[in-house]
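Here is the structure we will look at, set down as C-alpha coordinates.
The values are calculated or read from the model by the stated rules, or taken from the named source; none is laboratory data. Just so you know, these numbers come straight off a predicted model, no measurement behind them. Positions of Cβ are generated from backbone atoms using ideal geometry, with glycine treated the same way; all protein chains shown enter the neighbour counts. The protein model used for the area step is the full one, side chains on, heavy atoms only, and it has no ligands, DNA or RNA in it. Shrake-Rupley method; radii C 1.70, N 1.55, O 1.52, S 1.80 Å.
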Amino acid sequence: MQYHEIELLVSAAGEKQWPNSSLPEIMYAGRSNAGKSSLINSLCGRKNFAYKGKTPGKTRLLNFYEVDKKMIFTDAPGYGYAMGIRSDAASFAKLLDPYFEKREQLKGMILVLDCRRTPNDDDLTMIEYARSMHLPILAALTKIDKLSRNQLNQQIELIVNTLHISRTSAIPVSSLNKDGMDTMWKQINNMIKA
Ligand SMILES: Nc1nc2c(ncn2[C@@H]2O[C@H](COP(=O)(O)OP(=O)(O)OP(=O)(O)O)[C@@H](O)[C@H]2O)c(=O)[nH]1
Ligand SMILES: [Mg+2]
(Lines give C-alpha, C1' and ligand atoms only; values in the text may rest on other atoms or scores of the structure.)
(Ligands and ions follow the chains in the order given, each with its own letter.)
Protein backbone atom coordinates (compact mmCIF):
# COMPACT_ATOMS: atom_id res chain seq x y z
CA MET A 1 0.00 0.00 0.00
CA GLN A 2 1.31 3.38 -1.02
CA TYR A 3 1.57 6.01 1.67
CA HIS A 4 0.58 9.57 0.84
CA GLU A 5 0.73 12.63 2.99
CA ILE A 6 -2.75 13.92 3.72
CA GLU A 7 -3.84 16.92 5.73
CA LEU A 8 -7.31 18.28 6.39
CA LEU A 9 -7.18 21.95 5.42
CA VAL A 10 -10.73 22.87 6.30
CA SER A 11 -14.30 21.64 6.56
CA ALA A 12 -16.11 24.40 4.74
CA ALA A 13 -19.75 25.31 5.10
CA GLY A 14 -19.44 28.00 2.46
CA GLU A 15 -17.29 29.77 -0.03
CA LYS A 16 -15.66 32.08 2.48
CA GLN A 17 -14.01 29.08 4.10
CA TRP A 18 -12.56 27.51 0.98
CA PRO A 19 -8.78 27.21 1.29
CA ASN A 20 -6.78 29.88 -0.42
CA SER A 21 -4.77 27.52 -2.59
CA SER A 22 -4.28 27.09 -6.31
CA LEU A 23 -3.34 23.41 -6.21
CA PRO A 24 -5.32 21.26 -8.64
CA GLU A 25 -8.46 19.86 -7.08
CA ILE A 26 -10.40 16.64 -7.45
CA MET A 27 -13.88 16.36 -6.02
CA TYR A 28 -15.40 13.17 -4.65
CA ALA A 29 -19.17 12.95 -4.93
CA GLY A 30 -21.64 10.17 -4.43
CA ARG A 31 -24.54 8.81 -2.50
CA SER A 32 -24.40 8.55 1.26
CA ASN A 33 -22.55 5.45 2.28
CA ALA A 34 -21.12 4.86 -1.22
CA GLY A 35 -17.61 4.82 0.22
CA LYS A 36 -16.21 8.30 -0.59
CA SER A 37 -14.31 8.82 2.64
CA SER A 38 -13.09 5.23 2.71
CA LEU A 39 -11.77 5.63 -0.81
CA ILE A 40 -9.84 8.79 0.10
CA ASN A 41 -8.40 6.99 3.11
CA SER A 42 -7.38 3.99 1.03
CA LEU A 43 -5.83 6.06 -1.72
CA CYS A 44 -3.63 7.68 0.90
CA GLY A 45 -2.80 4.47 2.71
CA ARG A 46 -4.76 5.37 5.84
CA LYS A 47 -7.45 3.62 7.77
CA ASN A 48 -9.37 6.42 9.36
CA PHE A 49 -8.17 9.80 8.29
CA ALA A 50 -11.03 11.14 6.17
CA TYR A 51 -14.10 11.25 8.33
CA LYS A 52 -16.31 8.20 8.10
CA GLY A 53 -19.68 9.22 9.38
CA LYS A 54 -21.92 7.18 11.61
CA THR A 55 -24.93 9.20 10.56
CA PRO A 56 -24.63 9.10 6.79
CA GLY A 57 -25.26 12.27 4.86
CA LYS A 58 -25.68 14.41 7.94
CA THR A 59 -22.67 16.64 7.54
CA ARG A 60 -23.27 19.42 5.08
CA LEU A 61 -19.65 20.41 4.70
CA LEU A 62 -17.04 20.24 1.99
CA ASN A 63 -13.88 18.73 3.41
CA PHE A 64 -10.70 19.92 1.71
CA TYR A 65 -7.74 17.55 2.04
CA GLU A 66 -4.29 18.49 0.79
CA VAL A 67 -2.47 15.45 -0.55
CA ASP A 68 1.32 15.29 -0.91
CA LYS A 69 1.34 19.11 -0.98
CA LYS A 70 0.51 18.62 -4.66
CA MET A 71 -3.25 18.42 -5.00
CA ILE A 72 -6.46 18.78 -3.07
CA PHE A 73 -9.20 16.20 -2.66
CA THR A 74 -12.60 17.56 -1.71
CA ASP A 75 -14.94 15.16 0.02
CA ALA A 76 -18.54 16.24 -0.59
CA PRO A 77 -21.43 15.28 1.66
CA GLY A 78 -23.23 12.19 0.50
CA TYR A 79 -26.53 12.74 -1.21
CA GLY A 80 -29.55 10.55 -1.34
CA TYR A 81 -30.61 10.07 2.23
CA ALA A 82 -33.12 12.87 2.14
CA MET A 83 -32.61 14.30 -1.29
CA GLY A 84 -36.36 14.03 -1.82
CA ILE A 85 -36.89 16.55 0.93
CA ARG A 86 -36.73 19.88 -0.79
CA SER A 87 -34.87 21.75 1.90
CA ASP A 88 -32.16 19.12 1.84
CA ALA A 89 -31.72 19.27 -1.93
CA ALA A 90 -31.61 23.05 -1.66
CA SER A 91 -28.92 23.08 1.02
CA PHE A 92 -26.93 20.60 -1.05
CA ALA A 93 -27.16 22.83 -4.12
CA LYS A 94 -26.26 25.87 -2.05
CA LEU A 95 -23.07 24.17 -0.97
CA LEU A 96 -22.07 22.74 -4.34
CA ASP A 97 -23.31 25.18 -7.01
CA PRO A 98 -20.81 27.93 -6.17
CA TYR A 99 -18.07 25.34 -5.86
CA PHE A 100 -18.64 23.94 -9.35
CA GLU A 101 -19.10 27.37 -10.82
CA LYS A 102 -16.24 29.27 -9.22
CA ARG A 103 -13.52 26.86 -8.19
CA GLU A 104 -11.24 27.30 -11.15
CA GLN A 105 -8.66 24.74 -10.09
CA LEU A 106 -11.29 21.99 -10.05
CA LYS A 107 -9.90 19.40 -12.46
CA GLY A 108 -12.37 16.59 -12.25
CA MET A 109 -15.04 14.73 -10.38
CA ILE A 110 -14.81 11.22 -9.04
CA LEU A 111 -18.30 9.82 -8.80
CA VAL A 112 -18.25 7.18 -6.11
CA LEU A 113 -20.78 4.39 -6.56
CA ASP A 114 -21.46 1.23 -4.61
CA CYS A 115 -20.90 -1.42 -7.30
CA ARG A 116 -23.92 -3.39 -6.07
CA ARG A 117 -26.41 -0.60 -6.75
CA THR A 118 -27.92 0.71 -9.95
CA PRO A 119 -27.15 4.41 -10.35
CA ASN A 120 -30.24 6.44 -9.43
CA ASP A 121 -31.60 9.83 -10.45
CA ASP A 122 -29.36 11.63 -7.97
CA ASP A 123 -26.28 9.99 -9.48
CA LEU A 124 -27.48 10.94 -12.94
CA THR A 125 -28.13 14.52 -11.85
CA MET A 126 -24.63 14.69 -10.44
CA ILE A 127 -22.99 13.35 -13.59
CA GLU A 128 -25.07 15.58 -15.87
CA TYR A 129 -24.06 18.54 -13.79
CA ALA A 130 -20.38 17.73 -14.08
CA ARG A 131 -20.82 17.25 -17.83
CA SER A 132 -22.52 20.61 -18.17
CA MET A 133 -19.47 22.13 -16.49
CA HIS A 134 -17.17 20.22 -18.89
CA LEU A 135 -15.55 18.54 -15.93
CA PRO A 136 -13.77 15.23 -16.56
CA ILE A 137 -15.53 12.37 -14.78
CA LEU A 138 -14.24 9.15 -13.34
CA ALA A 139 -16.50 6.57 -11.71
CA ALA A 140 -15.10 4.64 -8.76
CA LEU A 141 -17.11 1.46 -8.24
CA THR A 142 -16.58 0.59 -4.60
CA LYS A 143 -17.03 -2.50 -2.44
CA ILE A 144 -16.10 -4.97 -5.17
CA ASP A 145 -15.02 -7.34 -2.41
CA LYS A 146 -18.74 -7.98 -1.90
CA LEU A 147 -19.38 -9.43 -5.36
CA SER A 148 -18.22 -12.43 -7.36
CA ARG A 149 -16.33 -11.73 -10.55
CA ASN A 150 -19.41 -12.60 -12.61
CA GLN A 151 -21.71 -10.39 -10.61
CA LEU A 152 -19.19 -7.57 -10.80
CA ASN A 153 -18.92 -7.76 -14.58
CA GLN A 154 -22.69 -7.57 -14.87
CA GLN A 155 -22.82 -4.57 -12.56
CA ILE A 156 -20.02 -2.78 -14.40
CA GLU A 157 -21.96 -3.22 -17.63
CA LEU A 158 -25.14 -1.91 -16.04
CA ILE A 159 -23.46 1.09 -14.41
CA VAL A 160 -21.48 2.07 -17.50
CA ASN A 161 -24.63 1.89 -19.65
CA THR A 162 -26.79 3.79 -17.19
CA LEU A 163 -24.29 6.61 -16.80
CA HIS A 164 -23.21 6.64 -20.47
CA ILE A 165 -19.54 6.53 -19.59
CA SER A 166 -16.73 4.53 -21.17
CA ARG A 167 -15.65 1.26 -19.61
CA THR A 168 -12.16 2.70 -19.03
CA SER A 169 -13.49 5.52 -16.87
CA ALA A 170 -15.19 3.07 -14.49
CA ILE A 171 -12.64 1.81 -11.97
CA PRO A 172 -13.58 -1.12 -9.75
CA VAL A 173 -12.12 -0.61 -6.28
CA SER A 174 -12.17 -2.06 -2.80
CA SER A 175 -11.21 -0.04 0.21
CA LEU A 176 -11.19 -3.29 2.16
CA ASN A 177 -8.40 -5.02 0.24
CA LYS A 178 -7.10 -1.97 -1.71
CA ASP A 179 -7.93 -3.33 -5.16
CA GLY A 180 -7.88 -0.69 -7.87
CA MET A 181 -5.89 1.94 -6.00
CA ASP A 182 -2.99 1.99 -8.48
CA THR A 183 -5.41 2.45 -11.37
CA MET A 184 -7.17 5.21 -9.47
CA TRP A 185 -3.90 7.02 -8.88
CA LYS A 186 -2.95 6.75 -12.55
CA GLN A 187 -6.26 8.31 -13.57
CA ILE A 188 -6.11 10.97 -10.87
CA ASN A 189 -2.62 12.01 -12.00
CA ASN A 190 -3.86 12.24 -15.58
CA MET A 191 -6.77 14.40 -14.51
CA ILE A 192 -4.47 16.73 -12.64
CA LYS A 193 -2.07 17.07 -15.55
CA ALA A 194 -4.83 17.82 -18.06
N1 LIG B 1 -16.60 -4.11 2.24
C2 LIG B 1 -16.36 -2.85 1.94
N3 LIG B 1 -16.90 -1.87 2.70
C4 LIG B 1 -16.68 -0.58 2.35
C5 LIG B 1 -15.87 -0.24 1.24
N6 LIG B 1 -15.84 1.11 1.14
C7 LIG B 1 -16.58 1.59 2.17
N8 LIG B 1 -17.10 0.58 2.90
C9 LIG B 1 -17.98 0.73 4.09
O10 LIG B 1 -19.14 1.45 3.70
C11 LIG B 1 -19.55 2.34 4.74
C12 LIG B 1 -19.63 3.75 4.23
O13 LIG B 1 -18.34 4.20 3.90
P14 LIG B 1 -17.94 5.75 3.91
O15 LIG B 1 -16.57 5.84 3.34
O16 LIG B 1 -18.18 6.37 5.23
O17 LIG B 1 -19.02 6.33 2.86
P18 LIG B 1 -19.24 7.84 2.43
O19 LIG B 1 -19.59 7.79 0.99
O20 LIG B 1 -18.09 8.68 2.81
O21 LIG B 1 -20.55 8.23 3.27
P22 LIG B 1 -21.07 9.72 3.68
O23 LIG B 1 -19.89 10.49 4.19
O24 LIG B 1 -22.11 9.47 4.68
O25 LIG B 1 -21.63 10.29 2.43
C26 LIG B 1 -18.54 2.16 5.88
O27 LIG B 1 -19.07 1.25 6.81
C28 LIG B 1 -17.33 1.57 5.17
O29 LIG B 1 -16.52 0.79 6.00
C30 LIG B 1 -15.29 -1.31 0.45
O31 LIG B 1 -14.59 -1.13 -0.56
N32 LIG B 1 -15.57 -2.59 0.86
MG1 LIG C 1 -17.96 10.39 4.02
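Key figures for this structure:
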quantity: Any hit, the range 116-128, residues being among the β-branched types (Val, Ile, Thr), crowded, with 16+ Cβ neighbours inside 10 Å and modelled with pLDDT under 95; calculated: yes
quantity: Leading residue by the ranking (farthest from ILE192 (Cα to Cα)) among those in the range 131-148 that are touching a residue at least 60 places away in the same chain (Cβ under 8 Å) and open to solvent by less than 10 Å² (accessible area, probe 1.4 Å); calculated: THR142
quantity: Some residue of the range 66-80 being outside any helix (DSSP H, G or I), among the β-branched types (Val, Ile, Thr) and either touching a Gly at 6+ places or on another chain (Cβ under 7 Å) or more than 30 Å from GLU5 (Cβ to Cβ) (or both); calculated: no
quantity: Exclusive hit being small (Gly, Ala, Ser) and farther than 16 Å from GLY30 by Cα, set ALA139, ALA76, ALA90, ALA170; calculated: ALA90
